[in-house]
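A short write-up of the structure that comes next.
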Amino acid sequence: MKDSRRALPRVLIAFFGATLIGISRAYLPSHNYKVYRIHLFTRQDVFSLHSSNNQIQSSREAEDEETLRALLNQQQQQLNLLLDLLQKQKQGESPIATRDSPTPTTYSPPSTSLALAPCKVMLFIDGTWLYYSLHERSERDCPLIKKYGRGWQHRYMIDWEALPRIICEKLQDPGWRTTSDNQSDFRSLEVVRANVFTSYKADTSPLSWRYQMFEDMKAANYDVHMMQTVGRGEKCVDIQLAVEMLHFATVPHAYDIALLLTGDKDFMPAMIRTRQKGRKVGLVSLRKGCNRALYETAGVKDFDVCWMEDFIDEWVKPRNFQSEKRSLYSTPFFVRILVDFIAHSNLPQVSSRDLGRYLKFLELPGSDTQTSVLKELKSLYGGLSQFLASQNEVFTTHYRKQGTFKEDSSDNSYFVSLNPDADTDAQPPFWSGPEQEFFRQYTTDILEKQRLKAYHHSLMVNQSSLGNVESQPHEKTSKLPEDLIRDYSVLTVNDLKARCRERNLPVSGVKAQLLERIKQDNEEQIARLVKEKRRDPFSAPRSPSLTLSPDYLHDLVFEYVKARGGKATSRDVGRYLAANRGSKSRFGAYVEGLTALQELKDRYGSLLSFVAIQPDLIATKAEETEDHSFFITLKKR
């Protein structure tokens, strides 16, 4: 019996190994439940427990055999209960019993959040595409101009430091979720590097928006890979980006996700190869400048496209003008000068070109470098247009309508007028010292003495104020064809080649060369349109009835298609018809402003309907283009 009592602890140690599970009984203070609690002891606790058991066994040797037998029976019951608890614990149950009868319940272990490593993201930016998308788009296609107005660069800035983080927050991919529904188990994204690839010419001005944009990206810790442009086109920029993305895709643990910021479909092969290397690929772009193949082709990306227009307020921030030095010239100072110039013109509106020249002519006193009023205004407000926009209760700005003909294609001027309800006589309580000194020498006599020079551009538009100048509204307001005024910089190289092929232009070269060819062709066609319209010396006849000549229209189309080698696009034919006058009326004179294209549409509805009824002309679909243009060919006889 003594040997069996001494062997019991050894049996328990051998049964449970290095861990002994004991059972104690406790009663909950607020309930009549009896709960069995499980305690885990380490190996050291086991040996200390073994010593205490030896002492207990020594003291029990003096007890009678019946007491020892009862103790052994109790230990046997505890051992059986322990085995039962272990079996139920493996089944996910914990026995909770009342005083009357034990009732097992289901045990749910506490939920624990796993510390998942974040996904490594590497950002690859097509810097050239991004610059043209942000700074060189027309007002119709630029989301920044639509939201913040022209000259937004003077009043707003791009938060390059926050852009990578914002892009990662916008990405949504259910594939990155774990099997748990716990939000804390989702893998976060960590941007490990942001690479920018671009180029510019060696003589690019440090004051240009292009130069400043990439300098700001360098300051935000972007890795800007700058190459020098030789000649008229970029070299190796796209290749360098693709090679860099594929290189890091082969480097173990370099990144998990490659985010490509571009709209050029030339990167599609690199995106496909990157996915084949086991990396995920995401696309960040702008809707107006993104090629459809990038977001419609399957197997190119793993995420939905992240459109930057959808969260433009998060990465474009207002500039902080409070940090700049305080000017000695107030806002009413500039308002008074502008009001004087507009009021002395006696015109409904004045040109911004005349206004800018006048402000540049006026010099501020007390300046060693002869600072002009225009320079001071730009340093405070970013530009004349920004200042006028901030004073919209006094001034109204009128921009040209899209497609309006301009003698100078680079003319981006606008017109300014005074609001009828504006208080133009309002003045501040006092003028500063430099302002008082300026107004002591300030006079508007030059506006009266040199009126033609001071308001040259304004008078050219407001021709009603010049009695000896003939009004020519047709040249000033004629609508040009869409193909001559659209922004071709948003097109890809393949689309530009298709446009060049339609116009019988060379299709070899890089994107910049293709754009230059199309630009020159547009300028030639615009000049031809203007020349044709100026040839008509006749006025409109008093009778509006016309004798339309289908033979005249047919001969125009037939001769043009024949001159182009028997095949021409509908765009070119339409432009040719727009450059020619309509047929003569029954009085033998041409109708002023009526072109052959307008005459054709008035009678047949469209060029396609006209070609369909001609016996010697055929219309076929132009497969290279994605619009409604078609080819017109001559039937073989």
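The values are calculated or read from the model by the stated rules, or taken from the named source; none is laboratory data. This is a predicted model, so every value here is computed, not measured. Positions of Cβ are backbone-derived with ideal geometry, glycine not excepted, and every protein chain shown enters the neighbour counts.
Observations on the model:
Per-residue answers, yes or no, for (1) aliphatic (A, V, I, L, M); (2) more than 19 Å from residue 499 (Cα to Cα); (3) assigned to a loop (DSSP other than H, G, I, E, B); (4) at pLDDT below 80:
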site	(1), (2), (3), (4)
542	no, yes, yes, yes
555	no, yes, no, no
558	no, yes, no, no
584	no, yes, yes, yes
589	yes, yes, yes, yes
593	no, yes, yes, yes
599	no, yes, no, no
631	no, no, no, no
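- Residue selected from the stretch 191-225 under the condition touching a residue at least 12 places away in the same chain (Cβ under 8 Å) and hydroxyl-bearing (Ser, Thr, Tyr), by the criterion nearest to residue 263 (Cα to Cα): 198
- Leading residue by the ranking (farthest from residue 456 (Cα to Cα)) among those in the stretch 403-423 that are hydroxyl-bearing (Ser, Thr, Tyr) and modelled with pLDDT of 65 or more: 417
- Residue match in the stretch 464-481 (condition: at pLDDT 65 or above and either within 19 Å of residue 372 (Cβ to Cβ) or of a type outside the set (Lys, Arg) (or both)): yes
- Considering only residues in the stretch 424-463 that are among the small types (Gly, Ala, Ser) and at pLDDT 70 or above, the one that is surrounded by the fewest Cβ atoms within 10 Å (Cβ to Cβ) turns out to be 433.
- Matching entry among 127, 151 (being surrounded by 18 or more Cβ atoms within 10 Å (Cβ to Cβ) and touching a residue at least 24 places away in the same chain (Cβ under 8 Å)): 127
- Matching option when the condition is modelled with pLDDT of 85 or more and surrounded by fewer than 15 Cβ atoms within 10 Å (Cβ to Cβ), among 621, 567: 567
- No other residue among 185, 203, 238, 173 is touching a helix residue (DSSP H, G or I) at 6+ places or on another chain (Cβ under 6 Å), among the acidic types (Asp, Glu) and modelled with pLDDT under 90 apart from 238.
- Qualifying position, being at pLDDT 90 or above, within 23 Å of residue 134 (Cα to Cα), of a type outside the set (D, E, K, R) and in contact with a helix residue (DSSP H, G or I) (Cβ under 6 Å, 6 or more places away or on another chain), among 359, 286: 286
- Residue 521, sole failed condition from (1) modelled with pLDDT of 80 or more; (2) out of contact with any Ser or Thr (no Cβ under 6 Å at 6 or more places or on another chain); (3) crowded, with 19+ Cβ neighbours inside 10 Å; (4) not small (Gly, Ala, Ser): (3)
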